[in-house]
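What follows is one structure encoded as structure tokens, with my remarks underneath.
None of the figures in this text is laboratory data; all of them are computed from the coordinates on show. In this text the structure is predicted, and so the values were computed from the model without any measurement. Here the Cβ positions follow ideal geometry from the backbone for every residue, glycine too, while neighbour counts run over all protein chains shown.
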Amino acid sequence: MNAREIEAAAVLSIDRVSIRYDGREVLSPTSFEVARGEFVCIVGPSGCGKTTLLRAASGLVVPSGGEVRRHGQPMAGPSREVAFVFQDYGRALLPWRTVEGNVSLALEAAGVPAGLRAPRIAEALDKVGLGRHARKFPMQLSGGMQQRAQIARCLAQKPELMMMDEPFGALDALTRQGLQDELARLVREDGLTVLFVTHDLEEAIYLGDRVIALQADPGPGRPSMARMIEVPIPRPRDQLTTKEHPEFLRLRRELFAFIAHGHD
Amino acid sequence: MTRWLRPLVFPLALLALFEWYARRAAALGSDALAPPSAAARAFVGAALDGSLWQATAFTLGTAALGLLTGAVLGIGGGIVLGLSRRAADLGLLSIEVLRPVPSVALIPLAMLMFRFGVRMELAIVAFATFWPMLVLVQAAVRQVDPRLLEVSRVLGLSKRDRAWKIVLPAIVPRLFVALRLGVAVALVVAVTVEIAANPNGMGYAMMIAQQSFDPALMLAWLGWIGVVGYAINAAMQRLQQHVARRMGVRP
Amino acid sequence: MTNARTGRWIGSAGVLAALVALWWAASNAGWVSRVFLPTPEATAASLAEGLRGDLLGYTLATVGRMLEGWLLASVFGVMLGAAIGVSPSVRAWVQPTLEFIRPLPASALLPLAISIFGLNPGMVLFVVAFGAMWPVLLATVHGFAAVEPRLSEVARCLQLPRAAFVWKIGLPNALPDILAGMRLSMTISLIVAVVGEMIASQSGLGQAILLAARSFRASELFAGIALLGLIGFASNALLAVAEKKLLRWQGT
């Protein structure tokens, strides 16, 4: 492939990816592409393989079948261009380092010289609004702040792709809403491409340009991906008006019905 | 089949290396080491002439008696200190002053009081095991779910009933963890006392073998002490985990 | 300090004072023979006199032996423990052997060491270091083995090089375990140092109290015991303070 072809190829290609665990097929062959700057949400009931799909897309797990490609090149493993935000933020932060120290880890791993780290750390912390809490330890922070610290670390990587595994699932509703808006703003500012797994259908529609719905146990020969819908609601979105938007309500009804009835 | 074989590979390799090295050293005239094969023969010899069993019985028996003494006193004291905030506060300084004294420091004193034999070693084992039992049982009593104590108040249980029916059963799992530690301490201290002073038991037999320039017998005793310690600790671990499961606690 | 706290300290001190008074009465009145139980005054006098004389030297010798052995034990214990702990395969082969060594009394190595090295200070130091190494080694192995799996994944996502992973994640994660192991190790160092002095006739508190007992000099014996208790107390207290400082991040 020449340079222009690589440029034109999708940022992420999921090509008939399937995953087996202990002899069981956790994810049936699934295919879709993600273009630059897109925000794609993946939803589905428990056991549908959405987290597994995300992990395969980030290189943490090798697919049993099919291939994951980035800019046309097969993905061999995790890469610094692909950031991963875990749901259990408490366990993903180093408890013995301050917030600053945790963000610094990403830069240290990338070999950024010590002198150049401070401004980049400050930048990442300001983006998530943790500037004043830089010297605190994770234990001293609330759940929402810990998750923001993890996001700051991912941002410091200056990734191309951001994978998020139910990042707001463990938080209370109010915190969740605040973080959703913050995330939307960040993604827009930095032009990030995001793959976002959630079990919350409204969250998926609210945040996404596209929503992919997976089904659990589709049966032999049937795909895990049962639905892919576009979310043509304009940005910027907000918690009050967007959720009353007719498109939002229509998509919500469609997704709810689909999930409630299980299969297509 | 290979699963239980695997833990043995590394130690067997070490033993083989040691065997080769000791034989070479012996051939060069050193009498400091003996190959494991010679040690094994010495072990069988000691087993057959009864000296093995006699010394082992002394060490284990004395350790057991010492542990019994230390544990009874330690558990009793621990329950009192755990239940009564006042008692714990009053006893704090005295405990912090006496506890750090290493048990081996009391060997000459015990020698003075009891000369040599069972009593001297028993006393030191008792001292050594008393403190961990006291501290651990006190902590265990403190950690009894306060809800259970409220239940005992609401039911109007007597102090004695509260201790027997609520506190004691509640601390049993932690008690066995403490006992597991106590057994380990008792064995180590007993052998240490025999090495340092007391002319009885496994530790002493090992010292005598070394002093008689019988490295094979010395190594046999060293190995046997290791095996006995390992076996008893493993048995205690099983026991403690079994008790934990019976009492509904995750082991 | 609040009134309640001072009250508690006073009560505690009162009980201690009462015990000392009991000691005074028992020894002075002869309830317990003064051969075994010297009077508190005699003990204090022996202590004061001894510290102006040989006792100070003996104390320093024992403390020096203990610290030297402990430092060696800690350094080697952490290094070996880390090497074993980071690799699940090495752990699988070696762990059962480590579990066999764990219950072995450190002093049991003294006859072997005497056999190899003879009766000299180096031999005692070797056994102190070797015996005290195992708690640190075992604790380090455990600390490294128990790395939060999520952190390992984070390291993979950040593509943290292996060495950096051990240094930045493995070691800090293992630190609480390592520090606990080092505290246990200090206790063992003191014990083996004392026993070593006793059987190898090396200058130190161990030998001093043994000789005091053999010559029926009970007050000197008690003075020595008190010093050993003090060493035990001080070393443990210092380590506890260091542990608190290093593990500040664990929160209140």
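Residue-wise HN-Hα couplings along region B:10-26, as the Karplus relation 6.51 cos²θ - 1.76 cosθ + 1.60 with θ = phi - 60° gives them from phi, are 4, x, 5, 4, 4, 4, 5, 4, 4, 4, 5, 5, 5, 5, 4, 4, 5 Hz; Gly and Pro carry x. Inter-label distance, residue C:56 to residue B:4: 6.2 nm, where each label sits 7 Å from its Cα along the C-beta direction. With a Förster radius of 60 Å applied to the beta-carbon distance between residue B:172 and residue A:188, the computed FRET efficiency rounds to 0.50. Each of C:26, A:232, B:40 was placed along the dipole of the protein assembly as shown (beta-carbon charges, centred on the mean Cα), and the one lying farthest toward the positive end is C:26. As a length-normalised measure over Cα pairs under 8 Å and 6 or more apart, the relative contact order of chain C settles at 26 percent. Result for chain A in a Gaussian network model with C-alpha springs under 10 Å: among A:54, A:155, A:240, the largest mean-square fluctuation is at A:240. Of C:215, B:94, C:27, the sequence from fewest to most neighbouring Cβ atoms within 10 angstrom is C:215, B:94, C:27. Just so you know, the Cα atoms of chain A work out to an Rg and Dmax of 18.5, 56 Å.
Using the Cβ atoms and a cut-off under 12 Å, what net charge is assigned to the surroundings of residue A:203, where Lys and Arg are +1 and Asp and Glu are -1?
On the way: positive: A:176, A:237, A:243, A:252; negative: A:166, A:181, A:200, A:202.
Counting the neighbours of residue A:203, the net charge comes to 0.
A Cα-only calculation for region B:25-66 places Rg and Dmax at 14.8, 46 Å. All alpha carbon pair distances within region B:29-182 were sorted into 5 Å bins beginning at 0; the resulting P(r) in whole percents reads 2, 8, 13, 14, 13, 11, 11, 9, 6, 5, 4, 2, 1, 1, 0, 0. The residues neighbouring residue B:67, those whose beta-carbon lies less than 13 Å from its own, together hold a net charge of 0 under the Lys/Arg +1, Asp/Glu -1 convention.
Summed over qualifying helices (DSSP H, 4 residues or more, each -39500 (n - 2.57)) and divided by its residue number, chain C shows a 222 nm mean residue ellipticity of -27000 deg cm²/dmol.
In region A:176-200, which residues have a backbone nitrogen under 13 Å from the label point lying 7 Å from residue A:123's Cα in the Cα-to-Cβ direction? Counting only backbone N, you get A:190-191. Between B:77, B:66, B:91, the GNM of chain B built on Cα springs shorter than 10 angstrom shows B:91 fluctuating the most. A straight Cα-to-Cα reach below 23 Å connects residue C:168 with the lysines A:136, A:158, C:244, C:245, residues fewer than 8 places away in its own chain not being considered. Ellipsoid fit via the Cα gyration tensor, region C:1-87: semi-axes of 40, 25, 14 Å, each the root of five times an eigenvalue, largest first.
Under the rule of -39500 (n - 2.57) per DSSP H run of 4 or more residues, summed and divided by the residues of chain A, what mean residue ellipticity at 222 nm is obtained, to the nearest 500 deg cm²/dmol? Show your work: numbers first, answer last.
Numbers: 9 runs with 99 residues, N = 264.
Theoretical 222 nm ellipticity from helices: -11500 deg cm²/dmol.
Remark: mean inter-chain Cβ contacts per residue of B:107-115 equal 6, using a 10 Å Cβ-Cβ cutoff to other protein chain atoms. When chain A is treated as a Gaussian network with alpha carbon springs shorter than 10 Å, the biggest mean-square fluctuation among A:24, A:148, A:235 belongs to A:24.
Can you put C:34, B:6 in order, fewest other beta carbons within 10 Å first? It would help to have the intermediate numbers written out before the result.
Values: C:34 15, B:6 11.
The most exposed by this proxy come first: B:6, C:34.
Taking each DSSP H run with n ≥ 4 as -39500 (n - 2.57) and averaging over every residue of chain B yields -27500 deg cm²/dmol at 222 nm. Derived from the Cα gyration tensor, the three semi-axes of the equivalent ellipsoid of region C:143-252 are 45, 15, 8 Å, largest first. Panel note: the C-alpha atoms of the protein assembly as shown, placed on their principal axes, show extents of 99, 73, 55 Å (largest first). With neighbour counts taken as other beta-carbon atoms within 10 Å, the residues C:167, C:31 rank, fewest first, as C:31, C:167.
Please give the net charge around residue C:241, taking every other residue with its beta carbon less than 14 angstrom from that of residue C:241, where Lys and Arg add +1 and Asp and Glu add -1.
Values: positive: C:183, C:244, C:245, C:248; negative: C:243.
Its environment carries a net charge of +3.
The per residue volume of the convex hull around the alpha-carbon atoms of region A:92-157 is 72 Å³. Cα extents for region B:170-251 along the principal axes, largest to smallest and rounded to whole angstrom: 53, 22, 12. Compute the distance from the alpha-carbon center of region B:46-65 to that of region B:152-229, in whole Å. The two parts, judged by their Cα centres, are 15 Å apart.
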